[in-house]
Amino acid sequence: MPPHFYTMIQKILIDQRGNVLHWTSGDLHTLFGKIKEEDIKKASGHVKSHTDKEFIIFDAAFPDQTDKIERGPAVIGKKDIGLIIATTGINRQSTIVDIGTGPGMLALHLANISEKVTSYEKSPDVAAIAKKNMEKLGLKVTIKTKDATEGIDEKEVDLITIDLREPSVILDHVY
């Protein structure tokens with residue numbers, strides 16, 4: 001598979017040892033036997049392999065799906081994302097600007113809460129990765145391929161996040 005290939009995780013399965021398995025499509029081959037795709041699709045709560053071993057199964061949630069997004073540059077950690085979300089008070093109506101999109105991890109989490117997220121990424125290649133990740137997760141983020149150190153277009157926003165090597169170079173523009 002090419003390095004840019006990414007398939008959405010559909011289901012999470014947990015085997016009897018506590019191993020977590022991500023299922024996207026097709027039959028799933030595990031240490032405890034094969035589980036047919038049609039069994040996975042119709043399963044609710046539990047599913048058995050061909051060797052009669054039982055697995056817990058449930059639909060993948062947003063955090064499961066972000067674990068497998070396409071990477072490029074380093075991503076901001078979930079602990080930091082949680083702190084940003086918890087301490088800023090953003091909500092569905094918040095207008096947010098994210099500077100330094102990278103592969104979009106922070107922007108994805110912000111867009112999962114707010115419908116108005118704009119993210120700036122100066123590298124066209126990195127912005128393309130972020131756009132693919134947004135599409136795969138069905139989230140709407142306006143990604144601008146622009147160097148935010150030259151200024152941002154948005155006014156009267158509720159939150160601006162900055163993930164740049166030298167964040168101080170942009171402070172005059174965001175103020």
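The values are calculated or read from the model by the stated rules, or taken from the named source; none is laboratory data. Owing to the predicted nature of the structure, the values given are computational and were not obtained by experimental measurement. Please note: Cβ atoms are built from the backbone with ideal geometry, for glycine as well, and neighbour counts cover all protein chains shown. The area values use the complete protein model at the heavy-atom level, side chains included, leaving out ligands, DNA and RNA. Shrake-Rupley method; radii C 1.70, N 1.55, O 1.52, S 1.80 Å.
For the pair residue 140 and residue 58, label points projected 7 Å from Cα toward Cβ lie 2.9 nm apart.
Here's the list of lysines a cross-link from residue 155 could span, going by alpha-carbon distance under 16 Å and ignoring same-chain residues fewer than 8 apart: 116, 144. Please label the shape of the stretch 89-155 as rounded, prolate or oblate, based on the square roots a ≥ b ≥ c of the eigenvalues of the alpha-carbon gyration tensor (a/c under 1.5 means rounded; beyond that, a/b larger than b/c means prolate, else oblate). Cα axes put the stretch 89-155 in the oblate bin. Across the stretch 62-134, C-alpha contacts under 8 Å between residues 6 or more apart give a mean separation that, scaled by the residue count, equals a relative contact order of 35 percent. Taken per residue, the accessible surface of the stretch 97-175 reaches 53 Å², heavy atoms only and a 1.4 Å probe. Protein heavy-atom surface of the chain, 1.4 angstrom probe: 50% of the accessible area is carbon and sulfur, with nucleic acids and ligands not counted. Full extension of the chain between residue 22 and residue 113 gives 30.3 nm of extra length, using 0.36 nm per residue less the Cα-Cα distance. Spatial offset of the stretch 16-89 relative to the stretch 103-174 amounts to 27 Å, using the alpha carbon center of each.
Once you have the Cα-Cα distance between residue 168 and residue 132, take 0.36 nm times their residue separation minus that, and quote the gain in nm to one decimal.
So the chain would gain 10.0 nm between residue 168 and residue 132.
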